[in-house]
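Only one structure is covered here, and it is reproduced in the block below.
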Amino acid sequence: MLGDTASPRIDMAQLPPEAVALITGLHQKVQAQAREIAWRDAKLEKINFELARLKRWKFGAKTEAMTAQQRTLFHDALAEDEASLQAQLAALQRGLPEAPKTPKAPPRKPRRQALPEHLERVEHRHEPQDTTCQNPECGWPMHRVGE
């Protein structure tokens, strides 16, 4: 771990209480960061494992053929590896401190008021001159998005 270096040990009883509190807080922070780094490393290892598996499936030799027995052994080993990685991630996730949940901000109200109901509403649509597709290969008529 990071805190296990060969530095000289300090007698905490000789230090003032503020320094002891500061050292203790920093030590706890280092331990929490080390747990978080270990969790992220396990997560990266899981993602790299999945990526390697997908690359093997996509770019693997097409001439290699597995028998049914080999395929079941492969799937069993794959399931065991994935289960052990999931267990490692779950154990590391339990060690992380819980982050406080921030409440969601209420939706903002518009700054302007709505127009009065008695005002006439006029809708203007600007149509193109040509409604056929510009792509010469297509030639289909265009339509409005959402209709």
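Is there a residue in the stretch 62-82 that is closer than 30 Å to MET12 by Cβ, out of contact with any helix residue (DSSP H, G or I) (no Cβ under 8 Å at 6 or more places or on another chain) and of a type outside the set (Ser, Thr, Tyr)? Let's see the steps before the verdict.
Quick first cut of the stretch 62-82, residues closer than 30 Å to MET12 by Cβ only: none.
Checked against the condition, which is being closer than 30 Å to MET12 by Cβ, out of contact with any helix residue (DSSP H, G or I) (no Cβ under 8 Å at 6 or more places or on another chain) and of a type outside the set (Ser, Thr, Tyr), the stretch 62-82 yields no hits at all.
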(request) State which residue is nearest to LEU85 (Cα to Cα) when the search covers only the stretch 1-35 and only residues that are modelled with pLDDT of 90 or more and open to solvent by 70 Å² or more (accessible area, probe 1.4 Å). (result) ARG35
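Which residue, of LEU92, LEU73, LEU78, LEU96, is modelled with pLDDT of 80 or more and either under 24 Å from ALA34 (Cα atoms) or surrounded by fewer than 10 Cβ atoms within 10 Å (Cβ to Cβ) (or both)?
Numbers: LEU73 fails: either under 24 Å from ALA34 (Cα atoms) or surrounded by fewer than 10 Cβ atoms within 10 Å (Cβ to Cβ) (or both); LEU78 fails: either under 24 Å from ALA34 (Cα atoms) or surrounded by fewer than 10 Cβ atoms within 10 Å (Cβ to Cβ) (or both); LEU96 fails: modelled with pLDDT of 80 or more.
Answer to the selection: LEU92.
The values are calculated or read from the model by the stated rules, or taken from the named source; none is laboratory data. Note that the structure is a prediction, hence the values are computed from the model and not measured. Don't worry about glycine lacking a Cβ; one is built from the backbone with ideal geometry, like all the others, and counts go over all protein chains shown. Heavy atoms of the whole protein, side chains included, go into the accessibility calculation; ligands, DNA and RNA do not. Shrake-Rupley method; radii C 1.70, N 1.55, O 1.52, S 1.80 Å.
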